[in-house]
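Just below is one structure, and these are the notes that go with it.
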Amino acid sequence: MWVGIGVFLAGGLGALSRAGVDALVKPWWKKRVTEPSRAFPASTFLINVSGAFVLGIVTGYAAKNAAGGAQDFAAIAGVGFLGAYTTFSTEEWHTMGLLRKNAAVEAFNVLGSLGASLVLAAFGLWLGGLI
Amino acid sequence: MTVLAIIIGGGIGATLRYVLGLGLAPPTPPDFPWVTFMINMVGAFALGAVMTLLAAHRLPGPWGKPFLSTGVIGGFTTWSHFIVEADQLIGARHTGVGIAYLVVSIFGGVIAAALGARLAELRVGHPTSGRA
């Protein structure tokens, strides 16, 4: 029950952090960058790659530590905060929009997001196991 | 109020995902991570519909976007778990399942978002999708 409340609060903060990063990065990117790179969803990219890296650490840590405390931490920080901070639906929405307008930026976005996330999360899983 | 809408929406989305994961007992490798997969497909479909309805002013803008799109749906779907699950599959030498999970999720998500947008377009009666 307490873990569930923790997941709710952490999820709320995770979504708010995503909105915060979005509000900071999006205008900065639109101002600094010209077309066609402007279409690249830089804030979602940054949010998803950083969140995947940190979830790797949390998951690696929880896998090595069977104690209840570590599992509760993984539920609140991992499922709650990081799960809500990162977003799959927005990524797919951008992908759909870019497919119609800018296929090159789209290919870079999908492959870049997947590649960077997979490599950094694997590194995080290894790092978390060391803690 | 926007901040409160995002926090409550994100809390609802994350808790729903947490409860589904507990209730359905998420499969461990080498199984296909279908709980996260279904969550992400449902969320992509819902976001496609909501963004289209927002663009057509069929949802209350000030609350609809922070609460529904950024909060509930953004908090419900997850990129980080999708990636870590794929990494775990590949790390456990179930590379084929891992790559299939990545490819099916990415393409399935785009199709789901397009279907959601199309359904909402039919509902509002004119094309609006693609504009966020």
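The values are calculated or read from the model by the stated rules, or taken from the named source; none is laboratory data. Remember, it's a predicted structure, so these values are computed and weren't measured experimentally. Glycine gets a Cβ as well: all are built from the backbone with ideal geometry, and neighbour counts include every protein chain shown.
Tabulated results
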read-out	value
Given (1) within 7 Å of chain B (Cβ to nearest Cβ); (2) farther than 20 Å from B:T77 by Cα; (3) crowded, with 22+ Cβ neighbours inside 10 Å; (4) of a type outside the set (S, T, N, Q), index of the condition A:G60 fails	(1)
Some residue of the stretch B:7-26 being closer than 24 Å to B:V103 by Cα, of a type outside the set (A, V, I, L, M, F, W, C) and touching a residue at least 24 places away in the same chain (Cβ under 8 Å)	yes
Matching residues in the stretch A:78-98 - criterion: being more than 26 Å from A:L13 (Cα to Cα) and either at the interface with another protein chain (Cβ under 7 Å from one of its Cβ atoms) or within 12 Å of the chain's Cα centre (by Cα) (or both)	A:M96, A:G97
Odd one out for A:V21, checked against (1) at the interface with chain B (Cβ under 9 Å from one of its Cβ atoms); (2) closer than 18 Å to B:G10 by Cβ	(1)
Residue in the stretch B:20-38 that is more than 11 Å from chain A (Cβ to nearest Cβ) and crowded, with 24+ Cβ neighbours inside 10 Å present	yes
Where a residue in the stretch B:98-109 is in contact (Cβ under 8 Å) with a residue 12 or more places away in the chain and of a type in the set (A, V, I, L, M, F, W, C) and its partner, wherever it lies, is crowded, with 20+ Cβ neighbours inside 10 Å and part of a helix (DSSP H, G or I), with Cβ under 7 Å and at least six apart	B:L102/A:L114; B:L102/B:A86
Matching helices (runs of 4 or more DSSP H) fully within the stretch A:1-110 where at least 2 residues are of a type outside the set (G, A, S) and without any contact (Cβ under 8 Å) to a residue 40 or more places away in the chain	A:2-32, A:68-73, A:88-101
Members of the stretch B:47-65 that are crowded, with 17+ Cβ neighbours inside 10 Å, in contact (Cβ under 8 Å) with a residue 24 or more places away in the chain and either facing chain A (nearest Cβ under 7 Å) or charged (D, E, K, R) (or both)	B:L47, B:G48, B:M51
Residue among A:V33, A:V110, A:V49, A:V58 that alone is within 14 Å of the chain's Cα centre (by Cα), of a type in the set (A, V, I, L, M, F, W, C) and at pLDDT below 95	A:V110
